[in-house]
Amino acid sequence: MPLKISLKPGEKFAINGAVIANGDKRASLVLQNQAAILRERDIIQADEVNTPLKRIYFPIQMMYLDEGSEPKYYGEFKDRLEEFMDVVNRPEIISLCVKINKDVANKDYYGALKTCRSMFELEEQMLQVNAG
C-alpha cells in the first residue's frame, strides 16, 4: 500500500539513509514501495544522544535507515536496553521495553522507534523528578 507524506516548506526527511529537503513550497510525496523513511523531527543526531532512551533509540534508528548496519549497532542496542531495564522498576515501562526488543528481533525497526518515541515524555518527567 502506498505511503503519502505531506511536507512543509524546507522540511527534511531521510529515505534509506539519504537526507532529502523539501523546497520552498508544501509538497506531497507518494512512496509506492517499502522504504525506510523518517522525518527530520524523528531523527536523532549522534550529538543529541544524551538520555538512556536516546541511547536505545539511536542504534535502532541506524539499523532502520542504514540497511546492513545491524551487525554494527545491534550489540550497542542490546547493551543499552539491558542497562535501562536493570534500573527501571515500572511494569508498564518493562513491557514497552520487551515490545521494543521483540520488534528489533523481528526487524520491525520502525515499530521499535515508534514505541521508544512514545516513552520520551515519560523519561523526561522521570529525569526531572530524579534531578530535583
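We did not get these values from a lab; they are worked out from the coordinates using the rules stated. All of these numbers come straight from a predicted model, not from anything done at the bench. Cβ placement follows ideal geometry from the backbone for every residue including glycine, while neighbour counts extend to all protein chains displayed.
Things to note:
- Rounded to the nearest 0.05, the FRET efficiency derived from the C-beta distance between LYS107 and MET85 at R0 = 22 Å is 0.60.
- Sum of side-chain charges, VAL87 neighbourhood, beta-carbon under 13 Å (Lys, Arg +1; Asp, Glu -1): -1
- Residue-span extension gain [MET1 to SER95] - 0.36 nm each, minus C-alpha spacing: 30.8 nm
- Relative frequency of Cα-Cα separations exceeding 21 Å in the range 65-132, percent: 26
- What the phi angles of the range 44-56 give under the Karplus curve with 6.51, -1.76 and 1.60, with θ = phi - 60°, is a coupling list of 10, 7, 4, 6, 9, 7, 9, 9, x, 5, 5, 5, 7 Hz, glycine and proline written as x.
- Whole-Hz couplings from phi, Karplus 6.51/-1.76/1.60, listed for the range 25-30; x for Gly and Pro: 10, 4, 8, 10, 10, 10
- DSSP-loop GluC sites (Glu not before Pro) across the range 4-102, with at most 14 other Cβ within 10 angstrom: GLU67
- Karplus-derived 3J(HN,Hα) values for the range 89-96, using 6.51 cos²θ - 1.76 cosθ + 1.60 with θ = phi - 60°, are 10, 9, x, 5, 6, 4, 4, 5 Hz; glycine and proline are entered as x.
- Calculated FRET efficiency for the pair ILE15/GLU48, C-beta based, R₀ 35 Å, to 0.05: 0.95
- Length-normalised contact order of the range 37-122 in % [C-alpha pairs under 8 Å, at least 6 apart]: 28
- Exposed loop positions in the chain were taken to be trypsin sites (Lys or Arg not before Pro) whose DSSP state is not H, G, I, E or B and which have at most 15 other beta-carbon atoms within 10 angstrom. Between these positions, the longest stretch is 27-106.
- Under a 5 Å amide H cut-off, with hydrogens placed 1.01 Å from N, THR51 pairs with nothing among residues at least 5 apart or on other chains.
- Mean separation of Cα contacts under 8 Å, 6 or more apart, over the residue count of the range 3-42: relative contact order %: 48
- Nonlocal amide H pairs with ILE37, under 5 Å, H built at 1.01 Å: ASN16
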